[in-house]
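The values are calculated or read from the model by the stated rules, or taken from the named source; none is laboratory data. Quick caveat, the model's predicted, so the values are computed rather than measured. Cβ placement follows ideal geometry from the backbone for every residue including glycine, while neighbour counts extend to all protein chains displayed.
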Amino acid sequence: MDLSWTVVVNFVTLYGVKVLASLLIFWVGKKIASLLTAIVVKGMRKSKIDETVTSFFSNVVYFGLLVVIILAALSNLGINTTSFLAVLGTAGLAIGLALQGTLSNVGAGILLVFFRPFKIGHSVQIAGENGTVEELNLFSVVLKTADNKQIIIPNSAVIGKNITNFSAKPTSRIDLVFNIGYEDDLRLAKETLQSLIEAEDKVLKEPVPLVAVSELAQTCVKLTVRFWVQNEDAASVSFSLIEKVKLTFDEKKISIPHPPLNPQTY
């Protein structure tokens, strides 16, 4: 009985300490990895490197350090890491087949960083989803929608789909369509729309804003108002102008047979 207890004590003393030491190595190493990654990110931002590249590279650094830490912890347990790596290498093909989706996401992420079709903060449409780019990591692109939802799209899905970048250019074209009745004064309606556009400070002077008859529909005359704004002003100017048109048309007794169509940004 004493011999058995001695064996147990010796085993716990020998391997328990190693296990605790390995856990400590992993815990401390993880903290150091986070700290070093933060230093790298700070340095890249100080050098004004693009935020998209910074986000992706910080993930590469962190996971790379994590692999080194795990190998160090295993080595402390007495596991031959050289043999361990050899086994992983031998099993590489099977792992690659099992994780081909994950690996394709990493490869697609590298392509996205290299070609940079968008940056952090850009407003985009990817794989049918609209939002602002919050993050590009090893495996996915993270979007934030206008109603504050988070959308995570795998990198492989991003690289294989059309990407519409609404922020690639600093300005956007807005088309608003207003309907008036056939009995209304067409010239008065056009002059009213023109004066309202000219009164909007955020509407760009170049290209010159346009007011034109775009269609003689069955029940109304369609007037298109076309103008350019800075991207960040697109929504506010559209909403403001639609409201002013309604109020002014009411004052001038110009009818609106149907509500204006939704504004379209180009």
Q) K48 fails exactly one of the following numbered conditions: (1) basic (K, R); (2) within 30 Å of F114 (Cβ to Cβ); (3) modelled with pLDDT of 75 or more. What is the number of that condition? A) (3)
Q: Tell me which residues, restricted to region 53-87, are among the aliphatic types (A, V, I, L, M), under 26 Å from I32 (Cα atoms) and at pLDDT below 75.
A: V53, L77, I79, L85
(Q) So if I check each of V203, V211, V245, which one is within 21 Å of S123 (Cβ to Cβ) and at pLDDT 95 or above? (A) V203
Q.
Filter region 112-144 down to the residues that are hydroxyl-bearing (S, T, Y) and under 18 Å from P170 (Cα atoms) and list them by number.
A. S123, T132
**Q.** Close pairs (8 angstrom Cβ cut-off, 6 or more residues apart or separate chains): in a loop (DSSP other than H, G, I, E, B) in region 40-52, not hydrophobic (A, V, I, L, M, F, W, C) anywhere
**A.** D50/R116; D50/K119
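Look at F57 and say whether it is closer than 30 Å to L112 by Cα, surrounded by 16 or more Cβ atoms within 10 Å (Cβ to Cβ), of a type in the set (F, W, Y) and not assigned by TED's automatic domain parsing to the domain that holds E134.
Working: closer than 30 Å to L112 by Cα: yes; surrounded by 16 or more Cβ atoms within 10 Å (Cβ to Cβ): yes; of a type in the set (F, W, Y): yes; not assigned by TED's automatic domain parsing to the domain that holds E134: yes.
When the stated conditions are applied, F57 passes them.
Just to verify a result, which residue in region 26-44, among those that are at pLDDT below 80 and surrounded by 13 or more Cβ atoms within 10 Å (Cβ to Cβ), is farthest from L71 (Cα to Cα)? Lay out the reasoning, then the answer.
First, the residues of region 26-44 that are at pLDDT below 80: 40-41, 43-44.
Applying the additional criterion that residues be surrounded by 13 or more Cβ atoms within 10 Å (Cβ to Cβ) yields 40-41, 44.
Working: V40: 22, V41: 24, M44: 28 Å.
In this case the residue turns out to be M44.
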Q.
I'm trying to understand the selection: among the residues of region 163-183, which are crowded, with 19+ Cβ neighbours inside 10 Å and more than 18 Å from P209 (Cβ to Cβ)?
A. N179, I180
Q | Scan of region 111-124 for residues that are outside any strand (DSSP E or B) and touching a residue at least 12 places away in the same chain (Cβ under 8 Å), ordered by number | A | L111, L112, V113, R116, P117, F118, K119, I120, G121, H122
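Identify, from the list A212, A157, A189, the residue that is hydrophobic (A, V, I, L, M, F, W, C) and outside the structural domain of E251 (by TED's automatic domain parsing).
Details: A212 fails: outside the structural domain of E251 (by TED's automatic domain parsing); A189 fails: outside the structural domain of E251 (by TED's automatic domain parsing).
On inspection, the qualifying residue turns out to be A157.
Tell me which strands (runs of 3 or more DSSP E) are completely within region 125-238 and hold 3 or more residues being within 20 Å of the chain's Cα centre (by Cα), or say none if there are none.
Working: elements: 129-136, 140-144, 150-154, 163-165, 171-180, 210-216, 221-230.
Result: 129-136, 140-144, 150-154, 163-165.
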(Q) Just to be sure I understand the filter: pairs with C-beta atoms under 7 Å, separated by 6 or more residues or on different chains, first member in region 141-155 and within 15 Å of G109 (Cα to Cα), second member among the polar types (S, T, N, Q) and not in a strand (DSSP E or B). Which pairs pass? (A) V141/N155; P154/N105; N155/N105
